[in-house]
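FYI, it's all coordinate maths here, none of it is from the lab. Note that this is a predicted model, so its numbers are computed, not measured. A quick note on method: Cβ atoms are made from the backbone with ideal geometry, for glycine too, and the neighbour counts reach across all protein chains shown.
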Amino acid sequence: MNTQRNLLAGLLLFVAIPFISAQEKAQMVVNADLGTETINRHIYGQFSEHLGRCIYDGLWVGEDSKIPNTNGVRNDIIAALKHINIPNLRWPGGCFADEYHWRDGIGPRDQRPKMVNTHWGGVTEDNSFGTHEFLNLCEELGTEPYICGNMGSGSVEEMSKWVEYITFDGESPMAKLRKQNGREKPWKVQFWGVGNENWGCGGNMSPEGYAENYRRYATYCRNYGTNHLFKIAGGPNVDDYNWTSTLMKNIPGHMMNGISLHYYTFADSWTNKGNATGFDDNEYFRTIENAAHIEELIERHTAIMDQYDPEKRLGLIIDEWGAWYNVEPGTNPGFLYQQNTLRDALLAGVSLNIFHKHCDRVKMANIAQMVNVLQAMILTEGEKMILTPTYHVFDMYKVHQDATLLPIEVKCSNYERLGRSLPAVSASASKDKNGAIHISLVNIDPANDIEISCAVRGTNAANVSNAQIITGENVRACNTFDKPENVRLANFKGAKYKNGELTMKIPAKSLVTIELK
Ligand code: AHR
């Protein structure tokens with residue numbers, strides 16, 4: 001897309017014009033025939049790190065567990081994850097990736113060396129979940145693996161041989177080793193991260209030093225046969241724009257496919273993260289405000305990338321995002337276990353709407369993390385498992401995967417607090433391959449319902465064919481092992497469509513997705 005068209009699209013898309021009015025009414029326009037960009041399904045990626053109870057005691061229970069499992073991974077989790085169509089899964093970290101040595105995680109499990117997980121609780125890692133277990137899980141889930149290689153404490157040779165071990169189909173020392181370990185055919189791996197947070201836990205490098213190293217490592221991560229790597233450079237910490245411009249300047253475009261960006265939402269700040277439950281309305285407001293800040297980061301990193309890559313060939317890969325609060329009282333501080341409330345569902349909806357809006361540059365994202373860590377989809381306790389409010393958003397929003405983004409305009413009231421304001425409605429619309437239109441709306445206002453009238457132009461759609469809602473008693477509502485269905489996906493009856501006019505009342509603190517056919 002050329003720059004001029006981009007500018008025009010930027011003006012047309014998602015213009016949120018707050019009314020100076022106390023009336024909770026909103027108007028929208030959806031242009032169903034004007035979409036040009038695709039919402040890459042990889043925006044719905046997940047992240048599973050060797051951290052706390054994400055892998056062990058989360059996904060992986062081992063083949064001998066009395067919890068029903070398939071090759072050691074819990075069946076209930078596999079079924080739940082399949083249901084939300086996970087497009088890719090990032091592994092083994094995070095900070096853990098830069099101290100992980102893949103050769104310790106292959107071969108007979110009882111002979112694998114142990115290590116200390118220095119980043120996350122100082123626990124002993126027995127390496128029982130390694131390359132084969134991860135890639136077999138991806139096959140079981142029908143998801144693409146995204147492997148993050150070790151630049152911080154590894155070597156070029158180690159990373160290069162990992163690629164060969166996994167993807168080479170001919171005769172070679174690494175292919176031979178893979179076959180000895182029981183896997184005849186290579187796996188397909190597209191997404192390959194060259195280090196993680198190399199400005200910090202991944203080696204405390206300067207951007208110049210990282211770029212130099214990236215070129216060395218990436219050179220030897222080869223494409224074998226039909227396996228073509230999509231190489232992702234370790235990107236900036238939040239608003240470190242110098243990191244992005246140094247990488248764009250010093251790494252030739254043909255050597256990478258994307259730059260990562262990590263952004264976590266705190267109720268307040270890194271040093272005052274706030275609690276996952278029991279927060280007050282001011283904290284709620286600040287959390288959503290902090291989450292929405294990612295839009296500015298995307299725009300500013302994109303502006304730098306545009307200078308070097310105006311065709312937008314490279315992706316901004318937001319491979320760690322989500323809410324990070326204080327750990328649940330009584331749990332290991334290094335395990336990052338937190339509850340998940342309706343606030344997190346609203347935060348997820350707002351964030352995904354922003355990613356959609358910028359899908360010409362944001363080609364992939366990974367929420368942190370999938371099970372039992374940070375803003376998780378799933379929490380487990382022994383044999384029990386619950387789906388979080390955030391899981392239900394990923395379920396509701398899966399209709400947007402690989403659909404065409406539709407230009408929309410929103411005029412709405414503001415949600416005001418602390419002398420500041422946010423547009424009360426965050427929205428996104430897309431058209432899928434079968435022509436169905438999906439409009440997702442998030443009403444972040446915790447107290448006021450909003451009546452929306454929406455003109456849907458450029459379509460012959462006749463009916464509301466499906467409509468779903470996620471809401472709860474208040475923004476603190478969550479699912480527990482005793483009440484697992486407190487916040488869930490339900491049918492929404494409050495939408496009417498006639499002669500191109502969609503009218504609906506979106507309840508306070510809710511997410512709604514309407515399908516028109
Ligand atoms: O997701 C938890 C940690 O946050 C990751 O290991 C690291 O990359 C980030 O700082």
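Structure above, values below:
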quantity: Around ILE437: net Lys/Arg minus Asp/Glu count, Cβ-Cβ under 9 Å; calculated: 0
quantity: 20 Å Cα-Cα reach of LYS433 towards aspartates and glutamates, excluding residues that sit fewer than 8 places from it in its own chain; calculated: ASP33, GLU37, ASP360, ASP395, ASP402, GLU515
quantity: Cα centroid separation, the stretch 247-304 to the stretch 383-437 (Å); calculated: 18 Å
quantity: Which listed pairs, of LYS231/LYS363; LYS66/LYS179; LYS312/LYS411; LYS188/LYS363; LYS188/LYS384; LYS188/LYS431, have C-alpha distances above 23 Å, in listed order; calculated: LYS66/LYS179; LYS312/LYS411; LYS188/LYS384; LYS188/LYS431
quantity: Segment GLU328-LYS249, length gained on full extension (0.36 nm per residue, minus Cα span); calculated: 24.2 nm
quantity: Convex hull (Cα only) mean projected area of the chain, reported in nm² to one decimal; calculated: 23.1 nm²
quantity: For PHE355, PHE230, order by how many other beta-carbon atoms lie within 10 Å, fewest first; calculated: PHE230, PHE355
quantity: C-alpha center-to-center spacing [the stretch 323-366, the stretch 126-184] in angstrom; calculated: 29 Å
quantity: Net charge contributed by nearby residues that have their C-beta within less than 14 Å of PRO389 (K/R +1, D/E -1); calculated: +1
quantity: Positive-end residue, the chain charge dipole about Cα centroid, Cβ charges, pick of PHE285, ASN69, ALA490; calculated: ALA490
quantity: Whole-number Å³ per residue for the convex hull built on Cα positions in the stretch 218-336; calculated: 144 Å³
quantity: No Cys partner within the rule (Cβ under 4.7 Å), the chain; calculated: CYS54, CYS138, CYS148, CYS221, CYS359, CYS412, CYS454, CYS478
quantity: Only Lys, Arg (+1) and Asp, Glu (-1) charged, at Cβ; the stretch 318-431 dipole about Cα centre in debye; calculated: 420 debye
quantity: Among THR219, ALA461, THR246 the positive-end extreme of the charge dipole of the chain (Cβ point charges); calculated: ALA461
quantity: Neighbour net charge for ASN117 - beta-carbon separation under 9 angstrom, K R +1, D E -1; calculated: -2
quantity: For the stretch 309-401: rounded, prolate or oblate by the Cα gyration tensor [a/c cutoff 1.5]; calculated: prolate
quantity: MRE, 222 nm, helices only [DSSP H, n ≥ 4, -39500 (n - 2.57), over the chain, to nearest 500]; calculated: -7500 deg cm²/dmol
quantity: Distance in nm between pseudo-label sites at ASP309 and SER421 (7 Å out along the Cβ direction from Cα); calculated: 3.8 nm
quantity: Lys, Arg +1 and Asp, Glu -1 on Cβ, resulting dipole of the chain about Cα centre, debye, nearest 20; calculated: 1100 debye
quantity: Per-residue HN-Hα couplings for the stretch 142-151 [Karplus 6.51, -1.76, 1.60; θ = phi - 60°; Hz; x = Gly/Pro]; calculated: x, 10, 8, x, 10, 9, 9, x, 9, 9
quantity: Partner lysines for LYS185 [C-alpha distance under 22 Å; skip if fewer than 8 residues away on the same chain]; calculated: LYS161, LYS176
quantity: Residue among THR331, LEU314, ILE298 farthest towards the positive dipole end of the stretch 291-344, charges placed on Cβ; calculated: THR331
quantity: Bins of 10 Å, starting at 0 and running to the largest distance - Cα pair percent for the stretch 91-183; calculated: 16, 48, 33, 3, 0
quantity: By average C-beta atoms within 10 angstrom, highest first, the peptides 431-444, 238-251; calculated: 431-444, 238-251
quantity: Given charges at beta-carbon only (K, R positive; D, E negative), |dipole| of the stretch 98-178 in Debye; calculated: 220 debye
quantity: Two-site FRET efficiency, ASN499 against ASP402, from Cβ-Cβ distance with R₀ of 22 Å, rounded to 0.05; calculated: 0.15
quantity: Segment ALA462-LYS483, length gained on full extension (0.36 nm per residue, minus Cα span); calculated: 3.7 nm
